[in-house]
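Read the structure below first, then the notes.
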Amino acid sequence: MTLFQIALWFYLVMVSVVFGAGIFEVFVVHPAWSRQPPESIAGFVGSPVSRLNLAAFWAPVSSLYALSALVALAVALWAGRRDVPLILSAACAVTALAWTLVYFRPAIQRLLEGAGGNTPAERLQSEVRQWLRLNLIRVALVAISWWGALTALATRM
């Protein structure tokens, strides 16, 4: 196995974990807290799903995801390979991580801690709907990233 194949396999594993966990959150975790804010947020705290330490999972996994994308891309470029799917995949991975750090992480902390604080219910519901819609775009970025990594691996093996 070449260095490129090793880097690409590691990246494919990481993007698969991120994609799978993102889908799990969309269908299991998000409905548990977003159903009818602020009541659903208050009910979410202390529930079995909320006891999953999502921050402890996502911090290293999302970092390794973006880093492995950049390493796979760097190794590919160093080897003289300019695979468009891999370039698109790495760009989506970095964009998803940056967007998470800038918007999603701070917003979810504010929404979930103290059930939105003193935010009026209508505004809180609006913010939750916006967060959920934007999250679907983020999941789509990860899906494109997964497709790009898989395509790059399939065309190079």
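Helix 3-24 axis versus longest C-alpha principal axis of the chain: approximately 20°, rounded to the nearest ten. Here r is the Cβ-Cβ distance between Arg110 and Leu67 and R0 is 30 Å; the resulting FRET efficiency, rounded to 0.05, is 0.65. For the pair Trp99 and Met1, label points projected 7 Å from Cα toward Cβ lie 3.1 nm apart. Cβ-Cβ distance of Arg156 and Leu132, R₀ of 35 Å, FRET efficiency by 1/(1 + (r/R0)^6): the value works out to about 0.45.
Report, in degrees rounded to the nearest 10, the 0 to 90 angle that the Cα long axis of helix 121-156 makes with the longest principal axis of the chain. That works out to roughly 10 degrees.
For Cα extents along the principal axes in Å, the value calculated from this model appears in [x] 50, 28, 24; [y] 55, 26, 20; [z] 46, 25, 21 under label [y].
Sequence-distant contacts, meaning Cα pairs under 8 Å at least 6 residues apart, place the relative contact order of the chain at 39 percent.
The C-alpha atoms of the chain define a longest principal axis, and helix 54-78 lies at about 20 degrees to it.
In a DSSP loop and with at most 14 other Cβ atoms within 10 Å, there are no trypsin sites (Lys or Arg not before Pro) in the stretch 119-157.
Values in this text are rule-based calculations from the coordinates and carry no lab data. These numbers were taken from a predicted model, which means no experiment stands behind them. Here the Cβ is made from the backbone with ideal geometry for all residues, glycine too, and neighbour counts use every protein chain on show.
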